[in-house]
Each structure stands twice: as structure tokens, then as C-alpha cells.
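**Q** Before anything else, here's the structure in question.
Please treat every number below as a calculation from the coordinates, not as lab data. Everything numeric in this text was worked out from a predicted model, so none of it was measured. Neighbour counts are summed over all protein chains in view; Cβ atoms, including those assigned to glycine, are modelled from backbone coordinates with ideal geometry.
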Amino acid sequence: MAAVEEKTKRIAAEERFKKLAKAWKAETELVSKVSKRVMHPAYQKIIGMGESAIPLILKDLLANGPDDWFWALTAITDENPITDAMAGNMSAMTEAWLQWGRNAGYLILQRYFS
């Protein structure tokens, strides 16, 4: 029974994330300032999802490449694998977070099912 409840919660989180991420991306597509993009209500709600959003954000980075998810990941995890040398290099920053996700166990399944 607990496994069913866990799966239901995970599916609900995925659906909520997809809805919020779609709104955030559509409504901030033409916004160039990162500080404005990350203050969007949908983005803030994704941060509010907490740990359940981590694998979903990482999966989005893996599937869609660089985006402004770094702020959310840092806010949720209280970590930042991006070095000063990487700053500004979106590809390197993305790879740093994906590697962090693999090391932390959030991207294990994506290796096999992406």
C-alpha cells in the first residue's frame, strides 16, 4: 500500500512540476534578466516543492539542456557544484549539476530510461 501511495505522490509531483515549468518557461521566454526569471511565481512554487523537485529539474536539464534551474537547485539543496571557473559557461554549469545529481543518486534511473 505504501508503494502505491509513494507512486501516486511522485506522479502528482511530476504533473505539478510539468505544469509549473511550462508556465515559467512560456511566461519568461523573453525575459533576459535571470533575477526576474527566478522570481516568477511558477519558479518559486517549484522551489517550494522542495526535494521532490530535484530529480525533475535535473531530468529537465538532461533532456533540454541549459536553463536557469541553477538558482532553484541551490535553493533546494543548499549546495552549489559550480566553480568560479565554470561561472557563465552554461554547458559546464549544467554538466556540474548533472554530475552532482548522479553522485547524489537523483539521476540513476535516467541513465537507463532517458
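**Q** Quick one: in the range 8-36, of everything that is farther than 15 Å from Asp68 by Cα and loosely packed, with under 12 Cβ neighbours inside 10 Å, which residue is farthest from the chain's Cα centre (by Cα)?
**A** By that ranking, first place goes to Thr8.
**Q** So which helices (runs of 4 or more DSSP H) are wholly in the range 1-111 and hold at least 3 residues that are without any contact (Cβ under 8 Å) to a residue 24 or more places away in the chain?
**A** Output list reads 2-28, 41-48, 90-104.
**Q** Still on this structure, I have one more. Please pick out the residue among Met39, Met86 that is over 21 Å from Ala13 (Cα atoms), surrounded by fewer than 18 Cβ atoms within 10 Å (Cβ to Cβ), among the hydrophobic types (A, V, I, L, M, F, W, C) and over 12 Å from the mean Cα position of the chain (by Cα).
**A** On inspection, the qualifying residue turns out to be Met86.
**Q** Next question, about the same structure. Testing Ile57 on (1) over 17 Å from Ala21 (Cβ atoms); (2) touching a Leu at 6+ places or on another chain (Cβ under 7 Å), one condition comes back false. Which one is that?
**A** Exception for Ile57: condition (1).
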